[in-house]
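The values are calculated or read from the model by the stated rules, or taken from the named source; none is laboratory data. Fair warning: this is a prediction, and the values are worked out from it, not measured in the lab. So basically every Cβ, Gly included, is an ideal-geometry build from the backbone, and we count neighbours across all protein chains shown. Just so you know, the surface numbers come from the protein's heavy atoms only, side chains and all, with ligands and any DNA or RNA stripped out. Shrake-Rupley method; radii C 1.70, N 1.55, O 1.52, S 1.80 Å.
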Amino acid sequence: MPDSLSTKYGKTLFVFCGGGCKAIHQAVAAAEVVNAGFTPSHIMSSSAGTCNALGFVENPGPVGAEKTIRIWENYITSPEAIYEVHPFLRDKLTRLLGVVPMATQDCGPSGSILHDVRRAIKFLPLVLSFCVRMPLRVAGRTVSFLFRLMDTFEAQHQSFRRLVQAPEILEAFDEVDKYFEFKRMKAFLDPFPLLARLGEQIDLQKVLTSSIVWHIITERYEDGATVLFSNKDPDLVIDEHTDARSQKVKYDTFYKRIRASMALYPLFELVEMDGFRYLDADLANPLPVEEAFNLGCDTIFIFLNVPKRSVRVDPHPLRDLVELNDLLRLNERYIHHRLKEAQVKAKEEGINLFVIRPDEIPAGLGLLEIDGKVIEFVKGHERKKMKDYLADLEAHNLRFAPPLS
């Protein structure tokens with residue numbers, strides 16, 4: 001960071017929030033901030049933000065920022081580059097598709113309705129892909145909705161877990177499982193393609209020895225607690241006395257913690273470590289305000305992947321009841337209130353606070369949905385927006401801005 005920026009803004013924290021493939025907005029925006037002269041001393045990340053943080057931590061400065069965008073351009077260009085359908089679920093679908101033709105014999109001009117439909121559809125792979133992904137997309141949004149709903153109640157984590165662990169609920173799950181056998185399947189998807197690419201592209205030794213302190217956010221499933229791991233944890237220290245076997249153990253341990261931060265359950269499998277199970281903290285804690293302000297940094301950049309919209313925040317009994325079924329509205333209200341808390345803390349503690357978020361999410365970009373063409377659109381749009389943003393940076397400092405209404 002140039003001396004003038006370092007003197008003015010001091011120690012800087014980047015907070016990379018989750019959002020699946022929408023995090024391409026975050027990668028481009030953060031790269032522009034780095035190119036403007038900011039090199040963070042700390043990075044905090046969860047979910048897809050952890051994927052972005054790897055490059056920034058490995059090579060602090062413009063080199064790492066450019067590498068992060070290059071990984072998106074070259075490797076995260078389609079859903080197939082991110083996950084594979086779990087073998088167990090694939091087998092169930094195959095058996096189901098095998099039953100359907102037998103049930104449609106002797107129907108239709110060709111003697112099979114299914115055969116006639118297949119002839120009429122030119123893009124069968126696309127249709128099958130849609131049929132497979134839609135239930136998974138709904139499952140992910142349902143889980144996110146439940147965790148957001150928890151935030152409206154006192155002791156939300158514990159209350160929710162007591163509910164799902166009630167004998168009546170467990171008995172109902174057991175009855176359903178007798179037919180579907182879902183207990184054999186720990187998740188719907190396997191993130192192996194993405195993890196393999198990241199493993200090939202990122203040097204973990206550079207990440208562990210980086211000048212940037214990286215805080216990785218996860219949630220402990222058993223009690224809902226937010227847990228922070230770091231690339232500077234004592235059990236990850238590598239020195240001249242560390243042999244090759246011990247070094248590999250440390251790498252594997254750190255990589256599991258990275259996986260835990262990206263474990264969007266139930267789409268991806270929980271990660272077991274030291275007798276506990278960990279998952280993506282972005283579901284229950286998508287804006288880690290308390291954790292960010294506890295690091296002692298002078299300036300905080302929060303990179304959100306949720307677009308800014310006008311949102312009604314005043315309570316209204318009838319409209320509130322309707323909006324409980326609107327996930328986007330619930331997300332907007334949650335984020336709005338958390339940002340108000342962050343602004344209050346910034347004013348009280350004298351910390352510079354900047355919140356950067358996309359204007360809109362283009363079609364073809366979602367939780368696990370991405371098209372290579374979208375990346376080029378996002379790059380062009382975000383770079384233009386960030387150029388204007390950085391030209392008058394202090395105007396966006398929430399520490400001095402009027403309180404959020």
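Of all residues in the stretch 381-393, how many are surrounded by 11 or more Cβ atoms within 10 Å (Cβ to Cβ) and free of Cβ contacts under 8 Å to residues at least 24 places away in the same chain?
2
One residue is enough: does the stretch 35-42 have a residue meeting the conditions within 25 Å of residue 267 (Cα to Cα) and modelled with pLDDT of 95 or more?
As a first pass, look at the stretch 35-42 and keep what is within 25 Å of residue 267 (Cα to Cα): none.
No, the conditions are met nowhere in the stretch 35-42.
Would you check which residues across the stretch 208-224 are open to solvent by less than 30 Å² (accessible area, probe 1.4 Å), within 17 Å of residue 262 (Cα to Cα) and of a type outside the set (Phe, Trp, Tyr) and list them? Explain how you work it out, then say what you get.
Within the stretch 208-224, the first condition is being open to solvent by less than 30 Å² (accessible area, probe 1.4 Å), and the residues that meet it are 208, 210, 212, 214-219, 224.
Next, only the ones that are within 17 Å of residue 262 (Cα to Cα) stay: 214-219, 224.
215, 216, 217, 218, 219, 224 - these are the residues of the stretch 208-224 that are open to solvent by less than 30 Å² (accessible area, probe 1.4 Å), within 17 Å of residue 262 (Cα to Cα) and of a type outside the set (Phe, Trp, Tyr).
Which of the residues belonging to the stretch 171-218 are in a strand (DSSP E or B) and either more than 14 Å from residue 50 (Cα to Cα) or modelled with pLDDT under 90 (or both)? Break it down stepwise before answering.
Going through the stretch 171-218, the residues in a strand (DSSP E or B) turn out to be 189-190, 213-218.
Those that are in a strand (DSSP E or B) and either more than 14 Å from residue 50 (Cα to Cα) or modelled with pLDDT under 90 (or both): 189, 190.
For residues in the stretch 285-311 being of a type in the set (S, T, N, Q) and at pLDDT 85 or above, which is surrounded by the fewest Cβ atoms within 10 Å (Cβ to Cβ)?
Let us first name the residues in the stretch 285-311 that are of a type in the set (S, T, N, Q), namely 285, 294, 299, 305, 310.
Retained after the next criterion (residues that are at pLDDT 85 or above): 294, 299, 305.
Values: 294: 11, 299: 22, 305: 27.
Only one residue tops the list, namely 294.
Give the stretch 260-284 a look and list any residue that's crowded, with 22+ Cβ neighbours inside 10 Å, farther than 9 Å from residue 218 by Cα and not aliphatic (A, V, I, L, M), or say none.
268
Read through the list (1) modelled with pLDDT of 85 or more; (2) surrounded by 15 or more Cβ atoms within 10 Å (Cβ to Cβ), then give the number of the only condition that residue 330 fails.
Among (1) modelled with pLDDT of 85 or more; (2) surrounded by 15 or more Cβ atoms within 10 Å (Cβ to Cβ), the lone unmet condition for residue 330 is (1).
Kindly provide the set of residues from the stretch 234-269 that are closer than 29 Å to residue 336 by Cα and part of a loop (DSSP other than H, G, I, E, B), ordered by number.
Within the stretch 234-269, 262, 263, 264, 265, 266, 267, 268 meet the criteria.
Against the condition at pLDDT below 90, closer than 26 Å to residue 343 by Cα and open to solvent by less than 40 Å² (accessible area, probe 1.4 Å), how does residue 314 come out, does it pass? Step through it out loud before you land on a result.
On the way: at pLDDT below 90: yes; closer than 26 Å to residue 343 by Cα: yes; open to solvent by less than 40 Å² (accessible area, probe 1.4 Å): no.
Criteria not met by residue 314.
Just one of 58, 66 is modelled with pLDDT of 95 or more, surrounded by fewer than 20 Cβ atoms within 10 Å (Cβ to Cβ) and among the acidic types (Asp, Glu); which is it?
Numbers: 58 fails: surrounded by fewer than 20 Cβ atoms within 10 Å (Cβ to Cβ).
Every option except 66 fails the conditions.
Considering every residue within the stretch 35-46, establish whether at least one is in contact (Cβ under 8 Å) with a residue 60 or more places away in the chain, assigned to a helix (DSSP H, G or I) and open to solvent by less than 50 Å² (accessible area, probe 1.4 Å).
No, every residue in the stretch 35-46 fails to be in contact (Cβ under 8 Å) with a residue 60 or more places away in the chain, assigned to a helix (DSSP H, G or I) and open to solvent by less than 50 Å² (accessible area, probe 1.4 Å).
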